[in-house]
Every structure is written in structure tokens, then in C-alpha cells.
1. Let me spell out the model: positive unit charges on the Cβ of Lys and Arg, negative unit charges on the Cβ of Asp and Glu, origin at the Cα centre of the protein assembly as shown. What dipole size does that give, in debye rounded to 20?
2. With a point put 7 Å past each Cα toward its Cβ, work out how far B:Gln332 is from B:Leu38 in nm, to one decimal.
3. Which of A:Tyr83, A:Leu55, A:Leu351 sits farthest toward the positive end of the charge dipole of the protein assembly as shown, with +1 on the Cβ of Lys and Arg and -1 on the Cβ of Asp and Glu?
4. Can you spot the lysines whose alpha carbon is less than 22 Å from A:Lys63's alpha carbon? Ignore those fewer than 8 places along the same chain.
5. Using a 10 Å cut-off around each Cβ of peptide B:562-570, what is the average number of partner chain Cβ atoms that fall inside?
6. In terms of Cα to Cα distance under 14 Å, which aspartates and glutamates are near enough to A:Lys478, apart from those fewer than 8 places away along the same chain?
7. For chain A, what is the mean residue ellipticity at 222 nm derived from helices alone (per DSSP H run of n ≥ 4: -39500 (n - 2.57); sum divided by total residues; nearest 500 deg cm²/dmol)?
8. Could you order the peptides A:489-497, B:212-220 from most to least packed, using the average number of other C-beta atoms within 10 Å per residue?
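Taken together, the values in this text are just the output of simple stated rules run on the coordinates, not laboratory data. What you see is a predicted model, and the numbers here were worked out from it, not measured in a lab. Neighbour counts are summed over all protein chains in view; Cβ atoms, including those assigned to glycine, are modelled from backbone coordinates with ideal geometry.
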There are 2 protein chains.
Amino acid sequence: MLTYKAPIADIKFLFEDVFGYYKHYEKFPEFEEATPDLVDAIFQECAKFSENELLPMNQSADKEGCKFDNGTVTTPKGFKEAYQQYVDGGWQSLSHGIEYGGQGLPPSLGMVKSEMMGTANWSWAMYPGLSHGAMNTIDVHGTKDQKELYLTKLTEGTWTGTMCLTEPQCGTDLGQVKTKAVPNGDGTYAISGTKIFISAGEHDLAENIIHIVLARLPDAPKGTRGISLFIVPKMDVEQDGSIIGGNHVTCGSIEDKMGIKGSATAVLNFDNAKGVLIGPENKGLECMFTFMNTARVGTALQGVCAAELSYQNALLYAKERLSMRSLSGAKQPEKVADPIIVHPDVRKMLLTQKAFAEGGRAMIYYVSKLVDTIETSKDEKERKRADYRLGFITPILKAFLTEVGSESANLGVQVFGGHGYIKEWGMEQIVRDCRISTLYEGTTGIQALDLLGRKILLSRGKSLKSFTMEILSYCREKSMISSNPHKRQMNKFIWPLSKAVANWQQYSVRLAIKAKKDRDMVGSASVDYLMYSGYITMAYFWAQMAQTAYEKLAGDVENRDFYRAKIKTAEFYFDRILPRIKSHAATMMADPKSLMQLDEDLLSFL
Amino acid sequence: MLTYKAPIADIKFLFEDVFGYYKHYEKFPEFEEATPDLVDAIFQECAKFSENELLPMNQSADKEGCKFDNGTVTTPKGFKEAYQQYVDGGWQSLSHGIEYGGQGLPPSLGMVKSEMMGTANWSWAMYPGLSHGAMNTIDVHGTKDQKELYLTKLTEGTWTGTMCLTEPQCGTDLGQVKTKAVPNGDGTYAISGTKIFISAGEHDLAENIIHIVLARLPDAPKGTRGISLFIVPKMDVEQDGSIIGGNHVTCGSIEDKMGIKGSATAVLNFDNAKGVLIGPENKGLECMFTFMNTARVGTALQGVCAAELSYQNALLYAKERLSMRSLSGAKQPEKVADPIIVHPDVRKMLLTQKAFAEGGRAMIYYVSKLVDTIETSKDEKERKRADYRLGFITPILKAFLTEVGSESANLGVQVFGGHGYIKEWGMEQIVRDCRISTLYEGTTGIQALDLLGRKILLSRGKSLKSFTMEILSYCREKSMISSNPHKRQMNKFIWPLSKAVANWQQYSVRLAIKAKKDRDMVGSASVDYLMYSGYITMAYFWAQMAQTAYEKLAGDVENRDFYRAKIKTAEFYFDRILPRIKSHAATMMADPKSLMQLDEDLLSFL
């Protein structure tokens, strides 16, 4: 019973008006085909495919799940056909390089595609999504032969890919990886070990699956410095891509999970499987990290997808469900009761979902522009600048957007009341599907350590300074009548934003000082600090959306209500969401003692 | 793989040391049997039954669910046998009146029983739990004949009971109830209509099910003033309890839900079923509301159960799972990595669960004392005072404890990382099971309106004043060296608590003034206001637990670490949880305009 319409007006507002994507594309000759007409057509086609093909399988796939039988996995009904349609439609190749058969369109377009498809059916979208990770690895680190063989097939979509990192004893702490790679003497390696939690690790959508596997060479140093990266296909292949036969990679089982049940999460056993090294020996982790940011932004997207899908459905329900009367007087006296949308708290829940969905989308599109630049610009300085910013903002996006995505999904259930708990409506499924997003690709806690520990403290605050200066200079510009005719209306956003950003800087300095004296300060403050940073970052994008809306309204636009709604949603965000930073500020600055003083044996007396 | 040990030390700390339950029991001659020895034995037996019989079926029941076949429901494997053991052990009759076969022990003991059983297996515990609701209704409003017939069987546990309120078109807004009751002319009524979401509405645990049904008499006024209450047994019975035959109550289906899958949620079709009126005509809703508070406290308990179960399992995992090194230096250098409990953020999650489980339990036990008094005291004034306080604090308990219970369950998943998402561990099930608790028995939004709109504003703040004065006078007493030798250590709790309570009073007055000008202020502020009130209320109980712990430590007690741990957990609560009131204070005082100004047609442009 879930419905979904791709929010093309919202997408185009960001794409065209807020972020000026067409101007951005014009900077790169590679993107000359990405004209407004083509982009428009892609949006329309993608919306159609998502709404008509992917959405209808969303709930049925949850019910059916993936079937495991003696090493083979059958995906839910319709998945295979939809994947074939996706491949035939050229969707997999959309934003991949033309050398290996891609259409060479901007990565940012690929992100919009992932958003629509992921909102309509996240479980399904994970199969092609995982391929992107494998493709990026091969693209950056592979040899010419490896690219010709694997990238061509992956770009077509004839094969799919995976990332095989996690083992039973370790997920975050990859230094503990045990999988072994023994040279065969012919340039190939015999890979042996067990990998778990491998998304799209086994399925029936494609004739081959290309696993990117972390493993250790026989003489490798201990820990993270002794990990190398290998390409290990499920089926052994010739250089021309023809399949020779099985390659000793077997699926031992698939996980029975809380959600994303249409997505097969495999245990893979490698038993002297033939693989080839990709990238330098013992540098596997660095190679992995080269595109960790994009993988994490891809996961951040899940939060936006959950918020959008849950919002659309909760809104429809809130307009239809009749219960009680408005406290300020009956609104639809002719009916037995008012629709629940008249109640302020229901509106608060809906607006929270809306603010997170639209604000999160803005954050993703901001980052997509950086990714375009990183992957395409010929100017090294510009590329590095974009990469530096991406590295800073990625943990915020990943953790913050998945946390507020989960909150939004839960609010959607809450709007439905008891009906939200019933499977038929689909609302509880969004909660279950989205729940993985704060766990995989690095938990919220890991993202928070990455942000505060690595990105901020290790750079002595440089990365933070660069981003906060961008916001403050935006605020300065928008607060002057000479540079902003909408200054007066924008004050209500600019002042609280400036103040919050100034505090962000100050708290960060104080945290850095405290962290020098007490190393536990970092872990103790990190998650609150990340959420704090997230709310301020999202406020920056809501301010920009409001500014753009004022500019549009000053002109002769149709659909004036659309822009008014943006401004009012920004007001909601600043009034009702941004104040959450107060509590996070208080708790992140608290002494680590309150966390560390209780000996672990005193945590329970059972 | 879930484990559970009843936290008897924690329970007894509250029972004996913080709330002085034995002294409290001595006030009532009815409770003379509730001696420390007996209470102890009950705790031990209840723990055994919960740990050994109920817990092992927790996960299997989730997997199996209830089976529906042509009107009959089969509960998961083991449920029936456990229920029979429960009945044979006299557990159902524990705290019910001796006139109809009960043991006449205090309701507060029944609450401890519900806590242990509900933590071990909430789904199972719902069957006997629902009976209590029906029993209370019959006890208060039934005729002597009704009590003799129904209460006797329900107290034995031979029959179970339900509450049939919700219909497809209404849950909260019971004025929309359509089920009809037509007099048969012989003092009975023919009941016809459809009820949905009926927990324990059909099952195989008992030979009969006694439905308490809201329905309308033919000439009843519209809305809530025309609803009457009926007893409608599933099987028609003689006055001596012998079963005559079916009574035209059929189960149309059971719901496929997110969680509590072992608990059957039935659609019941009444088709001229024979029922008898209970309580006065057209006063059904008032009759229901006489014990609404206890039903809601019973639901609040689910939050505590979820927090406790999730905490116990997350703690074990955090001590065993090895990942990364502590940032302040390796803690277990002999192992490949440190256990994750060394990481401050993992500790923050565990301590949050612990603070909510133990703080929530304290709130429940505080209320249990009120319930004992209401149901037993001969002093009408005392009874009324207790009832007034219960009415005030119930919405806080119901909404706040279920919200933080859900948060705790989610934190438990987070501690497990990706493994938390896998069914086998049971952690995600706690999230799913607990998710219903903020929805049924009145959503969080409904509780918040009850608190701010009915309980506070309608009483012109009297109920709030009475509770806040209790806290402030506690603070005054504990802040004077003459009345508190631990004054110095308690300052860190007493000052922030006093300040928070003073603010609570002031904000409430300001809200009342604003609400007079703008009725939407109530709904707009209500949920933030409720959570704000909840955090302060829990702080009061953490202060009391700390005070008690200081007192015990001043004496010659064994297990000193136990009391030290209580104090440190209180410190954690005040440092890391209580500051959440800052954000709630800011958002609850915000102008309703930011919620109401967007016309509903402008909430989406799809």
C-alpha cells in the first residue's frame, strides 16, 4: 500500500535553482551532453521506472525475502526482470566512463538516479548499488587488462560486484582480517577465508559476481598494514569475459535480518578461489579508502530515501484519517471528525520528516557537486580542495542523515498510530529497512570518531575552519543589503546560523584542548558533536533554500506556493529542529568521567 | 540467543531501600501476608519462571508467530504450557481480591511480577496482562452476579479477558464507535460490530475469553456520551460458569505486525453476540477511564522491560566483542583488540540504557505505591490524593518511558553493530516488539495532550504544583545539613534538579498564558513538554536513588560497589541525559505558527 512519486519539483529546485548544476556541468567538457533537455528526460524516465517497476515490488520483496538453497540465492519475484530492464535501459552505465562502455554522464546524475530508485525500493537498489563500489575500485586501482575485462561487464551490468571486507571476528577493525591470499606462481592468488555480511554477495540477477576482497599475503605485516585487495570473480573467466567455470567461492548462507529482506546478505566461503591483486601489495586498506567517501554518501542517501518515502505516505494518511476535532475549532464540521493533519503535533511530525527529507537531499546534492569535480576536474588544486571538503563532510552526512532518516521513518509510523505497526501499510517496513543505515559502512559511532578524531583534530581544525568560513562568509554576504536584496527576510535565518557556527568553532577549540589532556574526551564527545554539526550543516542548506526561494519570488515565477512552502519549511527547521543543538552542546562538553568512572564489573550485579 | 536474569538486587534496592515498601505494606491490614520472606520467595519464583520458561520462547515465538486458521488462533509453541504453569502457580490470582479466589497481595507485587515476565517475553505476558484490564473493569463496575461468574474464572486464569475499544474507523476518537447493542428483552443485549487490534482477542490458552466491549444502545446520544460497556464472552455460559456453546463472536483474522508476534492481535466480528451491560448506560467511556491509568502504567512498563533486556544483552556483548584499541592506550594488550566496552561512546550507549531501565523502574515503583493506596486505603482523602497524583504522572510514564525504552532498544542494536541487525541475536526484535508501546493505549501525542491539556491546564496547574512542590521540598530537605548528612555529596544533584523544577513551573505558566491566546499552543508544545517533564521526573528519582545509596554507604553494608554504581549512574544521568531538557524547552516554547502556517495543500507538490 506504499505509494511513491518522485519529487521532481523538489529535485529540480535544488538542481537548477539552489546549486546551479547546469552552470557547473558547463565547466567540464566531458559533461557537454548533460543538457537541461537530457537531464529532464532522465529524471522523467527514472521516475517512471522507480514508480512503476520498483515500488510495486517493495513490500512484496519484504514479505518474500531471498531464498537460499544449497549455495544458490533466489531474489524476490520481479527483481530479476527489473534488473534486466535496468540494464537494458542503460541505467547501470549512466555515469560511468565511456572507455568501458559507460555514458560518461556526471556522477551527480547517478546520485539522483540512486535516490529515486532507492526511495522506491532500497533492497532492490542495493544490487546495482554495490556494483558501483566494485567499479570505482577497479577504475582507480585496476590495470588496463583488469579494467577491460571487469569494468566492461560491470558497466554493461552483465555482471555485478561486491565489497568483501567483514569477517566474523571483525567489521570495523579490519586489522583483524584473516582471509589469506597465497601466490599461485602464475600471477594469480589462491584466496581462502570466510567473509560475512556481503551485500549482493550471491543472487540470480547476473551471470557473474565480481568480489573485491580484503586478504593477507603470506608474509604480510600484522594489522592494517598487511592487507591487500584482490579481485575474485564468482565464476572463473577468460580475458574476453567468457565464463570458464566455478571458482571455489560458495555462499554458505544468507542472513535473516530485521529489514532490507530483498537484499541478500551473504556468508561467502573462499576456498582457494583464484584471484588477482588489485593495487599495491599491503596497501589494500588505503585503496579501499579512496572511494570510502562516495560509498558512505551512498549510504547517507538511505536516510533521505526513508524520510521521503515515509513522509509521502504519512502525509496522505494524515489528510484522510479522521480523528478528533482541532482544539482551535472544527475544521471540517461536515465530517464526523477532522483529518488528523489539523493537529499541531501531527504537523510537527510531518514537517520534521519534510525538513529532513528536503534538507538531507540538499546536503547530498551539495556533495554530488564535489564528487563531479573530484572525478572530472583537470585542475589538481580544485580536485584536492573538493576532496578535502568531501572528506570532512562525509561522516556528517553518513551518520546524521541516517540517524534523522530513522527518526523520520519512526515518525511516519507514529502518524499512522496503531496502523503504522501493521505490515500491510508498509510504514513499519521503512523503519526496519532504514535501521541498517546507521550500522553498515561504519556505524554512527565510527563516523563520529572519523569526524572529530581524524578529520578535525588531526588537521588541527583546518577542515572545520574551511567549512565554517564558507558558511560565515555566506552569512555575511546575505546579511548585507548591498549584496542581498532579501536581507531583511533572511535575517531570521542568518543570525541564528551565524551564532551557531561561531559556537561550533569555539566548542571545537575547547574540545581540542580538553582532548589533549584526556584522550577519552574524543570518544566521549564524538556522537553528540557529530549530531550537533549535522543540525548546523543542515541549517546552512535550509538558509540557502530560503534565499533561493525569496529570489524566485522576487521574479515572475509560476507556482509561487512552491517557493513559499520552502521558506516556511526553513522557518520550521530553525524554530523546531535547530534548537536541538543546545542539548548536544551541553552533553558533548561534559566530562568523560561520567562515562569512564564506572568499572565494567560494576555495570551490572546479576 | 537473548539472555535475561531478573535484576533482583536492583528491584530490592528500590523496594526496600528507596521506597520502603514493607513499611508501606504495614499501613494496610490487608497486606499483612506480604512479609519480607514471602515477597522474597515470590521474587525468586517469579525470576525462575521468567528466566527458565518465558525467556526461551521469546525468540522462537517471534519467528513462529501466531497461526490463524478459519477463526481459530494457535499461539506459538510452548505458550499454552507456560500459561498453564502460570495458572497452576497461582500467578494470575496474585494481587486480586480474595472474595473471588485471589491471594489479595498488593498490586505493587503484581507489577514486579509483570516486569519480570514482561522482560522475559512481552508477547506471552500480554495474554495474562490483558485479563487484568477486564478484571479491573468487572471488579469496579460489575454486579455481584457478574463478579461471581466472571471474576472467579478470570482470577483462576481459566478464562482470559480483553478490552474491545478500537474499530476500523476509530481508535483514539472513540466517539466514532459504531458497534451496536440491542436489548434482547431479557436483560441481555445483542452486540453487533467489528472491533480491531484486539490483543489476546483469540487464542488457544484458555477455554473462554471475556470481552469488554464498547458499543451503542439504540437510542444513545451521538459521540462519546452515547457509549456503553458490555461483557461479551466468546462462549456463552451459565451462571455457574459451565459453557453452553458459541456466542457469535468470531475472529476474522489476526494482524501481521512489526513485532510482538507471539501476541495475537485480532479482528473480532460480533454478530448478535449475547452480552450484558456493565456499569450505567451511556457511561461506558467513564467506566473505561476508571482504570485507564493502571492500563497505561502497564504499557509504560514495556519501555522499562525493553531497556532492561536490551541493556543486559548489549553489556555482555560489549565485554566480549574485541574491536580497535582504546584511544587512551590498549586496555587488554594480550588480546588482538580491546573489548568494545573500553570505548567511551559504547559506554555512553550502555549507560543510557542502564539509566533508563533503572530510572524507569523507579518511576514505575513510585506509581505502584500510589496504586496500592488507591485500591486499598480506607481513607478517602488519601485515596483521592493518590489518584490525583496517579492521574498527573500516568501520561508522563506512559509516553516518556516508552519513548526512552525504544531509544534504549535501538541503542542495544547499535552496540552490536551489524550483528544487531541479524535476527539470531534478538536485539532487533526488542526494537520491533517495543515499537508498539508508543502507539497503543494512546500514542505519545495523545498522552502529551492528556498531560498538558487535561491534567495541567484544566486543573489550572494544581496537579503540576502539587508534584513540583513535592520535589522542591525534597530538594530543600536534602540540601540542609541538619536534615541530610550527605548534603555535600548531594549538591550536584539537588541544585540542577531544583533549577529544572523551577523552570518547569515557570514554563508551564508561560505556556498556559500563551495557550489562552492561541489554542494551537497546546498541541504544538505538548510532546516536547511531556518529554521535558519526563526527564525532570526521572532526575528526581535518580536523586533519590543516589541519596539512598549514600545513606547505605554511610552504614555497614556489604556489596558497597552496588551503591557506588547507583551514585555514578545518577551522575551520568545528570551529566548526559538531563541536559536534553534544554532543547525541549526551546522547541516547546516556539510559536505554533511554524507548525500551522503551511496550508495542507502546500505540504507537497507531487
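1. Working: 140 positive and 144 negative charges, 1039 e Å.
In debye, rounded to 20, the protein assembly as shown gives about 4980.
2. Between B:Gln332 and B:Leu38, the simple spin-label model gives 4.6 nm.
3. A:Leu351
4. Counting by Cα, and skipping residues close in sequence, A:Lys63 has these lysines nearby: A:Lys77, A:Lys80, A:Lys257, A:Lys261, A:Lys423, B:Lys63, B:Lys67, B:Lys257, B:Lys261, B:Lys423.
5. Numbers: counts 2, 0, 4, 7, 1, 2, 8, 4, 1.
For this peptide, the per-residue mean of nearby foreign Cβ atoms is 3.
6. A:Glu470, A:Glu551
7. Working: 20 runs with 309 residues, N = 606.
That comes out to -17000 deg cm²/dmol.
8. On the way: A:489-497: 18.6, B:212-220: 20.2.
The densest-packed peptide leads the list: B:212-220, A:489-497.
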